[in-house]
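Written below as structure tokens is the structure these notes are about.
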Amino acid sequence: VNASALAVMVAVGGKFEAKTVANMVKTADLGNKYGIPTLGVTAVGKELVRDARYLGLATRVCAENGATFVKTYFCHPNFERVAAACPVPIVVAGGKKLPEDEALELAYNAIQQGAAGVDMGRNVFQAGNPIAMLKAIHAVVHDRRTPKEAFDLYQTLVNAK
């Protein structure tokens, strides 16, 4: 089916932890068989917290059970400890819709503290100008621009219509 990656949610500490970890292992094994990377997605819910202790454990469980890379949430403080302790690259989820400047700040902080990238679906698609926002996020992640520089780029692209 020409997939670039397989994604599996893992609910460490949740009611379905054993089942989700088993799914991670099965998916990673199949991905390895066909040369497709596996993204382990750390689950959070009402009973699960988004602190460094939980996210550090959850990212390690994903990595140690076959994830090629892991998607998790940014936490403050101590995200750098989460990123440093995970043996595979981490991608930070964008979370809820944020104003464009705040989403760029989130992306910047995540990259500065060790994330390999960001996954910002709604913060791109629901932005005032999705193409400009995508280019601004690219500037933060790949060109190491500051949030202010990236937001200035965003505004310039929006006003260039």
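Quick grid of which residues meet (1) touching a His at 6+ places or on another chain (Cβ under 6 Å); (2) closer than 15 Å to residue 116 by Cα; (3) open to solvent by 80 Å² or more (accessible area, probe 1.4 Å):
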{"position": "43", "(1), (2), (3)": "no, no, no"}
{"position": "56", "(1), (2), (3)": "no, no, no"}
{"position": "72", "(1), (2), (3)": "no, yes, no"}
{"position": "89", "(1), (2), (3)": "no, yes, no"}
{"position": "92", "(1), (2), (3)": "no, yes, no"}
{"position": "102", "(1), (2), (3)": "no, no, yes"}
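Report yes if some residue within segment 114-130 is open to solvent by 20 Å² or more (accessible area, probe 1.4 Å), of a type in the set (A, V, I, L, M) and in contact with a strand residue (DSSP E or B) (Cβ under 9 Å, 6 or more places away or on another chain); otherwise report no.
First, the residues of segment 114-130 that are open to solvent by 20 Å² or more (accessible area, probe 1.4 Å): 114, 116, 118-119, 121-122, 125-126, 128-130.
Applying the additional criterion that residues be of a type in the set (A, V, I, L, M) yields 116, 118.
If we keep only those that are in contact with a strand residue (DSSP E or B) (Cβ under 9 Å, 6 or more places away or on another chain) too, we end up with 116, 118.
Yes: segment 114-130 contains one or more residues that are open to solvent by 20 Å² or more (accessible area, probe 1.4 Å), of a type in the set (A, V, I, L, M) and in contact with a strand residue (DSSP E or B) (Cβ under 9 Å, 6 or more places away or on another chain).
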**OP:** Output yes when any residue across segment 61-68 is without any contact (Cβ under 8 Å) to a residue 40 or more places away in the chain, in contact with a strand residue (DSSP E or B) (Cβ under 7 Å, 6 or more places away or on another chain) and either within 21 Å of residue 22 (Cα to Cα) or surrounded by 21 or more Cβ atoms within 10 Å (Cβ to Cβ) (or both), and no when none is.
**Re:** yes
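The values are calculated or read from the model by the stated rules, or taken from the named source; none is laboratory data. Note that the coordinates shown come from a computational prediction; the quantities given were computed from them, not determined experimentally. Don't worry about glycine lacking a Cβ; one is built from the backbone with ideal geometry, like all the others, and counts go over all protein chains shown. Heads up: the accessible areas ignore ligands, DNA and RNA and are worked out on the full protein's heavy atoms, side chains in. Shrake-Rupley method; radii C 1.70, N 1.55, O 1.52, S 1.80 Å.
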